[in-house]
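Chemist: This structure is in structure tokens; I'll ask about it shortly.
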Amino acid sequence: MREVPKEIKKAIDVWYRDAGILRFLHIFLGLMALVLTITVASSIPNQNPWIAWGAAITVGILTSFNLGTKSNNMRNAWRILNEAKIRYENQDDMTLEKLIDAYRDGEKLVGDVVINIKS
């Protein structure tokens, strides 16, 4: 079995962790938005301004940061690189160059943090 470069191993670990964190945040904020908006809609008007504020904040964060897409992209980047790592360790025709190409493709999927603020 060939040794995978430490930079690739680190990226696999970081992408896996970050994908889990982003998925958790996405699900948590989605549930909070759902619960808070239903609570506001079913309550007497003007009785729960903090609940309405919380609902607006959670929906705003979800839509502005596009957490669903970001968490999916992070997980897919991890899948690409992890598969390439397994192939590199176990298949002679998998070269270091192909492994690094998989890293590059994963980085493209991860992308940058984009904030979508629409007025």
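The values are calculated or read from the model by the stated rules, or taken from the named source; none is laboratory data. Just so it is clear, the structure is predicted and the values come from calculations on it, not from any experiment. So basically every Cβ, Gly included, is an ideal-geometry build from the backbone, and we count neighbours across all protein chains shown.
Chemist: Any idea which residue in the stretch 62-97 is nearest to R17 (Cα to Cα), counting only those that are loosely packed, with under 14 Cβ neighbours inside 10 Å and not polar (S, T, N, Q)?
Modeler: Once the filter is applied, the top-ranked residue is E83.
Chemist: Could you list all residues from the stretch 1-25 that are surrounded by 13 or more Cβ atoms within 10 Å (Cβ to Cβ), within 17 Å of the chain's Cα centre (by Cα) and closer than 21 Å to N82 by Cβ?
Modeler: Within the stretch 1-25, A11, I12, V14, W15, Y16, D18, A19, G20, L22, R23 qualify.
Chemist: Looking at the stretch 69-88, which of the residues that are charged (D, E, K, R) and at pLDDT 95 or above is nearest to the chain's Cα centre (by Cα)?
Modeler: At the first step, the residues of the stretch 69-88 found to be charged (D, E, K, R) are 70, 75, 79, 83, 85, 87.
Imposing the further condition that a residue be at pLDDT 95 or above reduces the set to 75, 79, 83, 85, 87.
On the way: R75: 7, R79: 13, E83: 18, K85: 21, R87: 24 Å.
For the stretch 69-88, the residue satisfying everything is R75.
Chemist: Here's a follow-up. For the stretch 43-98, what are the residues that are polar (S, T, N, Q) and under 30 Å from A11 (Cβ atoms)? Even if it seems obvious, please write down each step before you answer.
Modeler: Of the residues in the stretch 43-98, the ones polar (S, T, N, Q) are 43, 46-48, 58, 63-64, 66, 69, 71-73, 76, 82, 90-91, 95.
Those that are polar (S, T, N, Q) and under 30 Å from A11 (Cβ atoms): T63, S64, N66, T69, S71, N72, N73, N76, N82, N90, Q91, T95.
Chemist: May I ask you to list the residues in the stretch 1-32 that are over 30 Å from I61 (Cβ atoms) and not aliphatic (A, V, I, L, M)? Can you show your working first?
Modeler: Filtering the stretch 1-32 for residues over 30 Å from I61 (Cβ atoms) gives 1-9.
Within the stretch 1-32, R2, E3, P5, K6, E7, K9 meet the criteria.
Chemist: For the stretch 38-68, give me each residue that is among the hydroxyl-bearing types (S, T, Y) and modelled with pLDDT of 90 or more. So that I can check it myself, show each step before the final result.
Modeler: Residues of the stretch 38-68 among the hydroxyl-bearing types (S, T, Y): 39, 42-43, 58, 63-64.
Listed by number, the list holds a single entry, T58.
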